[in-house]
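*Asks:* After the structure tokens below, expect a handful of questions from me.
Only the coordinates and a few stated rules stand behind these numbers; no lab work does. Note that the structure is predicted; figures quoted are calculated from it, not measured. Cβ sites come from the backbone with ideal geometry, for glycine too, and all protein chains shown count toward neighbours.
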Ligand SMILES: [Zn+2]
């Protein structure tokens with residue numbers, strides 16, 4: 001789950017949950033919590049949900065009495081709404097019930113984090129306090145992006161995936177973001193020209209918004225259990241090794257970039273920046 005999926009989820013959750021009280025929380029594996037289960041239940045129960053938003057790959061659920069629930073889906077989750085007296089899925093690890101009887105269950109694929117942090121201590125929460133800005137914040141302008149890149153070392157892909165720089169992009173969306181901008185993932189940041197930087201910013205915003213408009217990735221579920229509409233047909237080159245590049249006659253290649261894999265068109269994304277500019 002990357003920024004588009006969590007944006008979709010947070011909007012749908014807001015519509016169902018803001019203004020309601022939490023009446024019950026069940027957690028099968030308390031390892032995902034930052035305090036003992038009983039303490040967590042006591043702390044969270046009876047609080048009203050005031051707002052839900054996402055920052056990067058985290059959901060921030062603001063509760064009354066200055067509390068915040070922080071949720072990170074790890075490698076992925078099914079976080080599914082249930083109506084009052086609605087049917088629950090067969091398997092789930094977390095169940096949260098609201099005062100109107102509605103709520104949601106979470107089935108975790110690998111691991112997740114569900115932390116309670118008082119608002120005044122959010123700055124001490126190690127996993128979220130260093131998060132960079134979300135690229136879809138209204139005031140995250142091209143100038144902000146340019147300033148972030150200025151003077152940075154290393155390759156552009158690692159920079160874009162580092163949640164401390166920009167929060168919310170993972171190894172799925174980065175593929176087409178770089179392809180649209182004609183930038184090889186291994187390009188050094190200081191070799192990226194002003195024109196390319198502009199193209200990269202535009203591509204980042206377009207790819208993320210396009211996916212949000214389609215409901216997120218086709219293999220992830222939204223709050224109502226529906227799959228998103230952003231799948232193989234929407235990808236330009238991501239997960240398409242051996243297929244034709246949509247811009248030229250090149251063949252998409254899968255390459256290793258550090259610990260991640262990348263999909264590139266060797267013609268459109270030259271590693272030698274003098275050729276690609
Ligand atoms: Zn190409």
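*Asks:* Residues in region 52-63: is at least one free of Cβ contacts under 8 Å to residues at least 40 places away in the same chain and farther than 14 Å from residue 114 by Cα?
*Replies:* No; the residues of region 52-63 include none that is free of Cβ contacts under 8 Å to residues at least 40 places away in the same chain and farther than 14 Å from residue 114 by Cα.
*Asks:* In this structure, does residue 208 turn out to be assigned to a helix (DSSP H, G or I), over 18 Å from the mean Cα position of the chain (by Cα) and more than 14 Å from the ligand (Cβ to nearest atom)? Before the answer, list the steps.
*Replies:* Working: assigned to a helix (DSSP H, G or I): yes; over 18 Å from the mean Cα position of the chain (by Cα): no; more than 14 Å from the ligand (Cβ to nearest atom): yes.
In short, no.
*Asks:* Could you check residue 241 against (1) touching a residue at least 24 places away in the same chain (Cβ under 8 Å); (2) touching a strand residue (DSSP E or B) at 6+ places or on another chain (Cβ under 6 Å) and say which number it fails?
*Replies:* For residue 241, the failing item is (1).
*Asks:* Considering only residues of region 214-267 that are under 21 Å from residue 156 (Cα atoms), touching a helix residue (DSSP H, G or I) at 6+ places or on another chain (Cβ under 7 Å) and assigned to a loop (DSSP other than H, G, I, E, B), which is farthest from the ligand (Cβ to nearest atom)?
*Replies:* Within region 214-267, the match that is farthest from the ligand (Cβ to nearest atom) is 258.
*Asks:* Identify all residues within region 14-43 that are under 21 Å from residue 111 (Cα atoms), in contact with a strand residue (DSSP E or B) (Cβ under 7 Å, 6 or more places away or on another chain) and part of a helix (DSSP H, G or I); write none if there are none.
*Replies:* 32, 37, 40, 41 - these are the residues of region 14-43 that are under 21 Å from residue 111 (Cα atoms), in contact with a strand residue (DSSP E or B) (Cβ under 7 Å, 6 or more places away or on another chain) and part of a helix (DSSP H, G or I).
*Asks:* Next up: Could you grab me the full set of residues in region 69-91 that are crowded, with 20+ Cβ neighbours inside 10 Å and part of a loop (DSSP other than H, G, I, E, B)?
*Replies:* Matches in region 69-91: 73 only.
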